[in-house]
1. Of K94/K254; K49/K80; K238/K323, which sit over 28 Å apart, Cα to Cα?
2. How high is the relative contact order of region 356-449, in percent, with contacts defined as C-alpha pairs under 8 Å that are six or more residues apart?
3. If you take every DSSP beta bridge fully contained in the chain, what fraction is antiparallel? Give it as a percent rounded to 5.
4. Could you sort 166-175, 110-119 so that the peptide with the highest average Cβ count within 10 Å comes first and the rest follow in order?
5. Jot down the radius of gyration and Dmax of region 438-513, Cα atoms only, both in angstrom.
6. Mark the label point 7 Å from the Cα of N403 along Cα→Cβ and return the residues of region 441-462 whose backbone N is within less than 16 Å of it.
7. Starting with the fewest neighbours, write out F538, F432 ranked by other beta-carbon atoms found within 10 Å of each beta-carbon.
8. Suppose the chain between N255 and Y236 were pulled fully straight at 0.36 nm per residue; how much longer would it get relative to their current alpha carbon spacing?
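Derivation of every value follows stated rules applied to the coordinates shown; laboratory data play no part. Keep in mind that what you see is a predicted model, and the values were worked out from it rather than measured. Note that each Cβ is placed from the backbone with ideal geometry, even for glycine, and that neighbours are counted across all protein chains shown.
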Amino acid sequence: MKKIITIIFVGSILFLNSFTVYGFSQKFIFSTNNIDGIDDYILNEMQTKHIPGLSASIVIDEEVVWQNSYGYANIEENKKVANETLFKIASVSKTLTATCLMQLYEQEYFDLYDPINNYLPFNVTHPLYPSTNITFHMLLTHSSGINDNWEYLFHFVGDSPISFQTFLQEYLVPGGLYYDETNNFCPWEPGTSWKYTNVGVALVGYLVEIISGINFTTYTETFLFSPLDMNESGWYLKDLNESHIAMPYYWNGKNYEPYGHIGWVDVPAGDLRTSSSQLINFLTMFINNGSYNSQEILNSTTVCMMLTPQLPFNQNLGLIWWKSNIGGRTVWGHGGSDYGARAQMHFDPETKIGVVVLTNGEVNPLQIVDKLFEFAENLSTNLPPASPEINGPSVGKVGISYNWTFLSTDPEGDNITYYIDWGDSTSNITDFYPSGTDIKVKHTWNEDGTYNITAKAQDIHGAESDWSDPYVVIIGNQAPDAPTISGPTSGKVGVEYEYNFSTNDPEGDAVYYWIEWFEGDPAAIWEGPYLSGEQVTFSHTWSEKGDYTIKAKAKDIYDAESDWGTLELTMPKNKAFNFDFPLLSWLFERFPNAFPLLRHLLGL
């Protein structure tokens, strides 16, 4: 029975947040948990390879099990990438264009080995081999002999003002504005060799339009995007909200420079913009032999044909789809590259794991794809719970029972049991509890000492977490902190002053204070008990001028004594002089800074 992995997104997507796990099936699963350090790995790759923004998705069989996004969609606007952010997917677009043509093939509108000139409104003929027909199969296997002449493969900031339909006729038909019989075609006969061609796949898109009688954009929206829940995908900027599209960037060695949103004349070959959360649906359909959400987009025979090597001289090329090796896995998929855009989409037919990675930078993210396959291979088996978190007191006393809290979460939402090592040669095994539940366990130590509490969690299938970091607890009566003393630091002899004393006991025990108002104070006694943390006030009067140090220490009710706390002060004035001179009193009040000598003599 297949184990369904379900992780629900609950946090932001650029930086890591906590996550919630539920044990029921969910079609879209969003996660920000850093299982296997995947987020750390991706963020490090982005930093070292200068990828400003990235969005990725993983599907296993029919279930999207992980999606996450990182970095910035628009640096200037401080806009972060979301799972729904649209990216230019460049040549990955070709797989969708070919799928549209193969839908019409299934309806028997044409045969793969039919000459395309039987369907086009103009003839496409190789100038060196005019008697050799170019077929649908040749277009889908890059063996048509049509060559990309980059002198005429124009691109623009914004949508191309030249329609791809017009461009193709001007490029492929003698006398056309962009026709070049030497550079627009390969020197070999069609069907005898191969060379990757964007123009050939743009012609595939045009054939979709001609054969169906429906505009290419409308066809893809109706028969591909809509049934695949790709409702915010488009070939032209005019059909999309540009604020939802990741800005393409160039790293100049110091900063990211925006390219702007670029459109090419060969639209069906590379101009699709979509999100990883939408493109993963298309990949899911191929993994599921042409079906998505119980709806057939292609039949399984057609999918099998598209994923089967078609040429004796290129055993890695199916119908547009490519077979390649990523991390020792044989996968089928396609990559894409454009100014400020890199995209990868691949799946492993053996494990039925599929990965989509979209970026708005210029470094191929294949290493990230490899890491995500590895990550997904771990996801496809039962995952262990997270290492438990431990909370409780950090100090305690012999013979007293204390509560400690243990918490772990299981990626699949499985119930969890805890193995607890108390650090004193004793341990506990708990009952099973729901994932994410705080559980409380009591323990008592019989000897003073420092103990390291550790724990691990195990789910109901036997998958164990790593041991937690040690939680250190010190058993044995701990002395209070040295008291803090506050109050006047200068004053007059013969005047009573108040001073505040406070301390905290690590175990919260009640405390006593020993206060010496001067060195060797014979009147000092233990005052108390008072509550730990309570501020207490004592008064004292000095009879002679001089410099004094108030010293205080605290002890708890178990006689553990603190260090001394001190406060330095000076009593420079003589005892206050009593006089009854109304006029002089009025002058002192009226002019508080006057008559300093007289004030000194009077001790005021």
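1. K94/K254; K238/K323
2. Working: 127 pairs, mean separation 24.3, N = 94.
Averaging sequence separation for qualifying contacts and normalising by length gives 26 percent for region 356-449.
3. Values: 104 of 111 bridges.
So the antiparallel bridges amount to about 95 percent of the total.
4. By packing density, highest mean first, the sequence is 166-175, 110-119.
5. 23.0, 79
6. 441-444
7. Result, fewest neighbours first: F432, F538.
8. Numbers: separation 19, 0.36 × 19 = 6.84 nm, distance 2.83 nm.
The N255-Y236 span can extend by a further 4.0 nm.
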